[in-house]
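S.K.: What follows is a structure written as structure tokens; I'll ask about it next.
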Amino acid sequence: MKSPAETRAIIKKLGKQHPNADTELHYSNAYELLVATILSAQCTDERVNQVTPALFKRYPDPRALANATTDELEPQIQSTGFFRMKSKALVGMANAVLERHKGEIPPRMDDLTELPGVGRKTANVVLGHALGVPGLPVDRHVLRVSNRIGIAESGDPKVVEQQLCSAIPAKQWTLTSDTLILHGRRICKPKPLCDQCAVRDDCDYYRSLLGVVARSRKAVGRSTSRVKPVARGLKPLKPLKPRRAR
């Protein structure tokens, strides 16, 4: 795994490629961001942003949402997927916020992750973006990008969060996550666009690809050296397949 200094330099380069990185969820307070982030599980931010304006108008605070039933909530969030599970989580979260925190979204990781439907990633999103508390959310994009580049070395989101946080100043945690997420969405996709990557020369994954290509070319060179040359301009004929007897 790369050193903290190397990690910081890589994040700085990525920051230049993705300036002003931020969450793409629309919200105006911590409650709205918490609802939007719960809805974003297995769903695009774009779809969530289409659903939340009407939802926030109808349920502007935890008290209003706590009074909702899952039956009336489900049709409103159906397009985000897993709507039955999400509706239970939203109503449960709102009730817990009322009962345990007097209707205010708590600014502590432990308190947030005790709410229904709220995991560590969701808690970090709300802490870092809406509550001013350093947090580094690790989603599938952050996992993929950080492991490919070599600034993290684990498939466990919590371990990757610890590795990145230990290398980067706390005040940059949230921005680092946003930057890695955007890079994963735009450049370092499951099928990466390495030719457009600002940190290609620093990336372990890209270097491994170069090694594979070099070995493949070398192997092709050895195999073609044993083949008799074909006259220029002519292509070797394909062997005919024997016909089946009728």
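S.K.: Listing D202, D111, D22 from the residue with the fewest other Cβ atoms within 10 Å to the one with the most, what is the order? It would help to have the intermediate numbers written out before the result.
M.R.: Values: D202 19, D111 16, D22 13.
Result, fewest neighbours first: D22, D111, D202.
S.K.: Provide T37, T23 in ascending order of the number of other Cβ atoms located within 10 Å of each residue's Cβ, fewest first. All intermediate terms of the calculation are to be shown ahead of the outcome.
M.R.: Details: T37 26, T23 21.
Fewest to most other Cβ atoms nearby, the residues stand as T23, T37.
S.K.: Under Stokes-Einstein, with the Kirkwood radius over Cα pairs standing in for Rh, what whole-number D in µm²/s applies to the chain at 37 °C and 0.692 mPa s? Working shown, then result.
M.R.: Working: Rh = 21.0 Å.
Value of D from the Cα-based Kirkwood radius: 156 µm²/s.
S.K.: Rank these for me by crowding, K12, K2, K191, K86, going from fewest to most other beta carbons within 10 Å. List each step's numbers first, then the result.
M.R.: Numbers: K12 13, K2 18, K191 6, K86 24.
Listed from fewest to most nearby Cβ atoms, that is K191, K12, K2, K86.
S.K.: Which residues does the label zone of M1 cover in segment 153-178, counting backbone N under 15 Å from a point 7 Å along Cα→Cβ?
M.R.: Within reach of a label on M1: 153-169.
S.K.: A follow-up question, please. So which residue, out of I168, I105, I181, gets the largest mean-square fluctuation from a GNM of the chain using Cα contacts under 10 Å as springs?
M.R.: Maximum among the listed residues: I168.
S.K.: Beyond a 25 Å Cα-Cα separation, which of these cross-linked pairs lie in this structure: K102/K171; K57/K158; K2/K189; K57/K171?
M.R.: Values: K102/K171 29 Å; K57/K158 35 Å; K2/K189 21 Å; K57/K171 33 Å.
Too far apart for the 25 Å limit: K102/K171; K57/K158; K57/K171.
S.K.: Assign one of three labels to segment 30-130, namely rounded, prolate or oblate, based on the Cα gyration tensor with a ≥ b ≥ c the square roots of its eigenvalues; rounded applies when a/c is under 1.5, prolate when it is not and a/b is larger than b/c, and oblate otherwise. Provide the component values of the computation, followed by the final result.
M.R.: On the way: a/c = 1.62, a/b = 1.23, b/c = 1.32.
Oblate is the answer for segment 30-130, as a/c is 1.5 or above yet b/c matches or exceeds a/b.
S.K.: Taking just the alpha-carbon atoms of segment 100-176, what radius of gyration and Dmax come out, in angstrom?
M.R.: According to the Cα coordinates of segment 100-176, Rg and Dmax are 13.0, 44 Å.
S.K.: Same structure again: For the chain, what is the relative contact order in percent, using Cα pairs closer than 8 Å and at least 6 residues apart in sequence? It would help to have the intermediate numbers written out before the result.
M.R.: Values: 273 pairs, mean separation 49.5, N = 246.
Result for the chain is 20 percent.
S.K.: On a 0 to 90 degree scale, rounded to 10, what angle separates helix 4-17 from the longest Cα axis of the chain?
M.R.: Between the helix axis and the principal axis of the chain, the angle is about 90 degrees.
Here, each number is a calculation from the coordinates, and none is a lab measurement. These numbers were taken from a predicted model, which means no experiment stands behind them. Note: ideal-geometry Cβ built from the backbone for every residue, glycine included; neighbour counts use all protein chains shown.
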